[in-house]
Amino acid sequence: MSAERAALDPRTLSGKECPGVETVCVDLADWEATEQALSSVGPVDLLVNNAAVALLQPFLEVTKEAFDMSFNVNLRAVIQVSQIVARGMIARGAPGAIVNVSSQASQRALANHSVYCSTKGALDMLTKMMALELGPHKIRVNAVNPTVVMTSMGRTNWSDPHKAKVMLDRIPLGKFAEVENVVDAILFLLSHRSNMTTGSTLPVDGGFLVT
């Protein structure tokens, strides 16, 4: 289950491309709406928490609105959606796997990213706590921590060669991640090939975190 905050647009998922996929559109910042929207979804055995917002402000200019929205979407929604899915798994006695999409920003300070970095740092610890408490129910929980990913948004935000060079100079492999790099890591953590892996944070960062 994966969604952007505003909505997962059904127009991006055609029946030909993804037969059998059912889309649910919901504002994950709205607790009651999310609860209602997901109440009839399932059963779910594999969950990917991929929704996030990045509202960048210098520390001295961080607003309450940016703080609340960021934590509501990047952290609180993960708790809520994961609770709903995990309760369903436990009720069915079914094993499962959850992957939280975190960021290299959880472990490195980046200018103007005070709130975003904080949400991702909290998400890494939440991942460990979920792994600890859900493990006895045979539910594994891990995180992936990508660098800049070349989505359409990533290409737009990092199209400035000077801005991109500052980040690329800190990545030993000298390149940003492609979408499939992150997808492959997520698929591994969802699969039985990682059935002894839980509570981990897996960098997909070209070595950024070793510098």
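Residue pairs whose Cβ atoms lie under 8 Å apart, separated by 6 or more positions or on different chains, with the first residue in the stretch 133-160 and more than 19 Å from Ile186 (Cα to Cα) and the second assigned to a helix (DSSP H, G or I) and of a type in the set (Gly, Ala, Ser), are His137/Ala86; Trp158/Ala164.
Considered as a group, the residues in the stretch 69-103 that are among the charged types (D, E, K, R) and over 14 Å from the mean Cα position of the chain (by Cα) include one that is surrounded by the fewest Cβ atoms within 10 Å (Cβ to Cβ), and that residue is Arg87.
Do we have Leu123 as surrounded by fewer than 18 Cβ atoms within 10 Å (Cβ to Cβ) and of a type in the set (A, V, I, L, M) here? No; evaluated as a whole, the condition is false for this residue. Here Ala109 meets the list (1) out of contact with any strand residue (DSSP E or B) (no Cβ under 8 Å at 6 or more places or on another chain); (2) assigned to a helix (DSSP H, G or I); (3) not charged (D, E, K, R) almost entirely, failing just condition (2).
Of the residues making up the stretch 97-120, at least one is at pLDDT below 95, closer than 30 Å to Lys163 by Cβ and in contact with a Pro (Cβ under 9 Å, 6 or more places away or on another chain). Evaluation of Asp27 against the conditions (1) within 30 Å of Asn195 (Cβ to Cβ); (2) in a loop (DSSP other than H, G, I, E, B) shows that the sole unmet condition is (1).
Within the stretch 181-208, being surrounded by 17 or more Cβ atoms within 10 Å (Cβ to Cβ), assigned to a helix (DSSP H, G or I) and not small (Gly, Ala, Ser) holds for Asn181, Val182, Ile186, Leu189, Leu190, Phe208.
Yes/no matrix, rows are residues, columns are (1) of a type in the set (Phe, Trp, Tyr); (2) within 20 Å of the chain's Cα centre (by Cα); (3) farther than 30 Å from Glu61 by Cβ:
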site	(1), (2), (3)
Gly121	no, yes, no
Thr147	no, yes, no
Pro172	no, no, yes
Lys175	no, no, yes
Ser194	no, yes, yes
Ser200	no, yes, yes
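Say whether the condition of being over 28 Å from Val115 (Cα atoms), at pLDDT below 85 and of a type outside the set (D, E, K, R) is met by at least one residue in the stretch 21-38. Looking through the stretch 21-38, at least one residue is over 28 Å from Val115 (Cα atoms), at pLDDT below 85 and of a type outside the set (D, E, K, R). In the set (1) more than 21 Å from the chain's Cα centre (by Cα); (2) surrounded by 20 or more Cβ atoms within 10 Å (Cβ to Cβ); (3) of a type outside the set (A, V, I, L, M, F, W, C), His137 fails one condition alone, (2). If only one of Ala54, Ala94, Ala77 is modelled with pLDDT under 95 and either under 17 Å from Leu28 (Cβ atoms) or not in a strand (DSSP E or B) (or both), which one is it? The match here is Ala54.
The values are calculated or read from the model by the stated rules, or taken from the named source; none is laboratory data. Since we're looking at a predicted model, the values are computed, not measured. Positions of Cβ are generated from backbone atoms using ideal geometry, with glycine treated the same way; all protein chains shown enter the neighbour counts.
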